[in-house]
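Chemist: First the structure, which I've put down as structure tokens, then a few questions once you've had a look.
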Amino acid sequence: MDQLFILLVILCALGSGAIGGVFFAFSNFVMPALARIAPAEGIHAMQAINVTVLNRLFLGTFTGTGWVSIAAIVVALLRWDGLGSLCAVLAGATYVLGSILVTMRGNVPLNNALMRISTIDALGEATWRGYVRDWTKWNTVRTIACLVAMVLFVLALLLPQAP
Amino acid sequence: MTVVILLLCAEFIAALGCGLAAGVFFAFSSFVMQGLKDLPAADGIKAMNAINSAAKKPSLMILLFGTALLCLVMIVAVLWLEGLPARADVDLVIGPIGGSVVYLVGAILVTQLRSVPLNNALAAATNADGPMIWKTYLHDWVKWNHVRTVACTLACALLMAALVMQLAWIVVSR
């Protein structure tokens, strides 16, 4: 196994673990907590969070892991080495599809709709309840995808050496 | 040989645990606390208190303390059990021991000694002292949360490196 491949795969494993942990936090306790307080408070907190999430450190880790995944896939395909390469390709695809694509198609449109809630009346509350349900559903998909990607990335490191 | 395979399995699962725990802390360090800071103090306090009480559920506790238990088991296995290949080479010991110690100190000990007392103070905040406590909390809790994020990431990297090196060692030694 060459060192470039090992480096890329370790970065991908760390990145998908970190992003998976972020999503896990939201599905597991952050969204249930925001759903429990008054709707106006929950909406304002999530709107504020959706603004601050757009920062260099988080977006760099989130999309950076996607780019490094693509690089790992390319290196695995160019220097094919059996099961380890297969794991890297599957892991990279799982992250790009299950984390990035699901975010763009599932969560971002819901976030945009949430930002448009201005007055918190019955309609605003209903939108918030729907948001909590649907956003959390897509978020759980992202959590599982990142966890699967991380497991596959670590296996990609180990399988080429397995006795 | 069975012990070696069990050690490798423990490292594998602990690496996943450290990676996920790193992400949980990373969420708060990179954007959640900044978002809550932008709210009026009373709303920020209320949201954080709700988050802290919702966090006390089995799945997160299993992630944090299950990983801690695996780390303790790995330290015992590497240091006290005889006949481990890990013992033959100092390089092979640094990963599991180093990763475990970094996680136990940087994630678990910091949580118990620093983050939990701050959480308790915030939960007890009243209307009068709330803004003051919140200001301190935003500074200190976030600072210690950065420490937890870095420690978990480092522990994850060390455990993964240990897995790769130990497996290579086993292959060579056969």
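Chemist: In the protein assembly as shown, with Lys and Arg counted as +1 and Asp and Glu as -1 at Cβ, which of these residues, B:V4, B:L16, B:N119, has the Cα nearest the positive end of the dipole, that is, farthest along it?
Modeler: Of the options given, the answer is B:N119.
Chemist: May I ask you to evaluate 6.51 cos²θ - 1.76 cosθ + 1.60, the Karplus curve with θ = phi - 60°, for each residue of the stretch A:2-15 and list the ³J(HN,Hα) values in order in whole Hz, giving x for glycine and proline?
Modeler: Values per residue, Gly and Pro as x: 8, 5, 4, 4, 4, 4, 4, 5, 5, 4, 5, 5, 5, x Hz.
Chemist: I'd like the distance between the alpha-carbon centres of the stretch A:21-56 and the stretch B:113-162, rounded to an integer number of Å.
Modeler: 18
Chemist: Using a Gaussian network model of chain A whose springs link C-alpha atoms within less than 10 Å, name the residue from A:F58, A:F153, A:F29 with the highest mean-square fluctuation.
Modeler: Of A:F58, A:F153, A:F29, the Gaussian network model singles out A:F29 as fluctuating most.
Chemist: Let me have the 222 nm mean residue ellipticity of chain A computed from DSSP H runs of 4+ only, each contributing -39500 (n - 2.57), with the sum over all residues rounded to the nearest 500.
Modeler: Working: 7 runs with 124 residues, N = 163.
Result for chain A, helices only: -25500 deg cm²/dmol.
Chemist: Something else about it: Roughly what would the spin-label model give for A:A122 and B:V3, points 7 Å off Cα along C-beta, in nm?
Modeler: The two pseudo-label positions are separated by 7.0 nm.
Chemist: Using only alpha carbon pairs under 8 Å that are at least six residues apart, calculate the relative contact order of chain B and give it in whole percent.
Modeler: Working: 175 pairs, mean separation 70.2, N = 174.
Relative contact order of chain B: 40 percent.
Chemist: Between A:D81 and A:L54, what is the FRET efficiency for a Förster distance of 35 Å, r being their Cβ-Cβ separation, to the nearest 0.05? Each step should come with its number before you reach the end.
Modeler: Numbers: r = 39 Å, r/R0 = 1.10.
The pair A:D81/A:L54 has a calculated efficiency of 0.35.
Chemist: Give me the count of lysine pairs in the protein assembly as shown whose alpha carbons sit under 14 angstrom apart, restricted to pairs 8 or more positions apart or on different chains.
Modeler: Numbers: B:K37/B:K46; B:K37/B:K135; B:K46/B:K135; B:K135/B:K143.
Lysine pairs meeting the criterion: 4.
Chemist: Whole percent per 10 Å bin, from 0 to the bin with the longest distance: what is P(r) over all C-alpha pairs of chain B?
Modeler: 10, 35, 26, 16, 9, 4, 0
Chemist: What's the long-distance tail for the stretch A:17-135, i.e. % of Cα pairs beyond 21 Å? Working shown, then result.
Modeler: Working: 3338 of 7021 pairs.
Every Cα pair in the stretch A:17-135 considered, those over 21 Å come to 48 percent.
Chemist: Just add up the charged neighbours of B:A151: K/R +1, D/E -1, any other residue whose Cβ is under 14 Å from the Cβ of B:A151. Before the final figure, lay out the partial values.
Modeler: On the way: positive: B:R114, B:K143, B:R148; negative: none.
Local charge sum for B:A151: +3.
Chemist: Another one. At a Förster distance of 35 Å, what's the computed FRET efficiency of B:A128 paired with A:D134, Cβ-Cβ distance as r, to 0.05? Mind dumping the intermediate values first?
Modeler: On the way: r = 40 Å, r/R0 = 1.13.
Efficiency for this residue pair is about 0.30.
Chemist: Okay, next question. Could you calculate the contour length gain from B:S59 to B:I13, that is, 0.36 nm times the residue separation minus the distance between their Cα atoms, to one decimal place in nm? Please list the in-between numbers first.
Modeler: Numbers: separation 46, 0.36 × 46 = 16.56 nm, distance 1.51 nm.
Length gained, B:S59 through B:I13: 15.0 nm.
Chemist: Still on this structure: Between the DSSP loop rule and a limit of at most 16 other Cβ atoms within 10 Å, which trypsin sites (Lys or Arg not before Pro) in the stretch A:4-92 are left?
Modeler: Working: sites: A:R36, A:R56, A:R79; in loops: A:R79.
Passing sites in the stretch A:4-92 are A:R79.
Chemist: Once you have a ≥ b ≥ c as the square roots of the Cα gyration tensor eigenvalues for the protein assembly as shown, tell me rounded if a/c is under 1.5, and otherwise prolate or oblate according to whether a/b is larger than b/c.
Modeler: Numbers: a/c = 2.74, a/b = 1.55, b/c = 1.77.
It comes out oblate by the Cα gyration axes.
Chemist: If r is the Cβ-Cβ distance from A:I70 to A:A40 and R0 is 45 Å, what FRET efficiency results, to the nearest 0.05? Mind dumping the intermediate values first?
Modeler: On the way: r = 42 Å, r/R0 = 0.93.
That pair, A:I70 with A:A40, gives E of 0.60.
Chemist: Could you give me the ³J(HN,Hα) list for the stretch B:131-136, computed from phi with Karplus coefficients 6.51, -1.76, 1.60 and θ = phi - 60°, whole Hz, x at Gly and Pro?
Modeler: 3J(HN,Hα) across the stretch B:131-136, in whole Hz: x, 5, 4, 4, 4, 4.
Chemist: Still on this structure: Where does each of A:E41, B:E11 land when they are ranked from fewest to most other beta-carbon atoms within 10 angstrom?
Modeler: Numbers: A:E41 20, B:E11 29.
If I rank by nearby Cβ atoms, fewest first, I get A:E41, B:E11.
Chemist: Another question about this same structure. Over chain A, what is the mean sequence separation of C-alpha contacts under 8 Å (at least six apart), divided by residue count, expressed as relative contact order in percent? Intermediate values should be presented prior to the final figure.
Modeler: On the way: 179 pairs, mean separation 67.6, N = 163.
Answer for chain A is 41 percent.
Every number here is computed from the coordinates shown, using simple stated rules; none is lab data. Bear in mind that the values here come from a model prediction, so they are computed numbers and not experimental data. Glycine also receives a Cβ, built like all others from the backbone with ideal geometry; neighbour counts cover every protein chain displayed.
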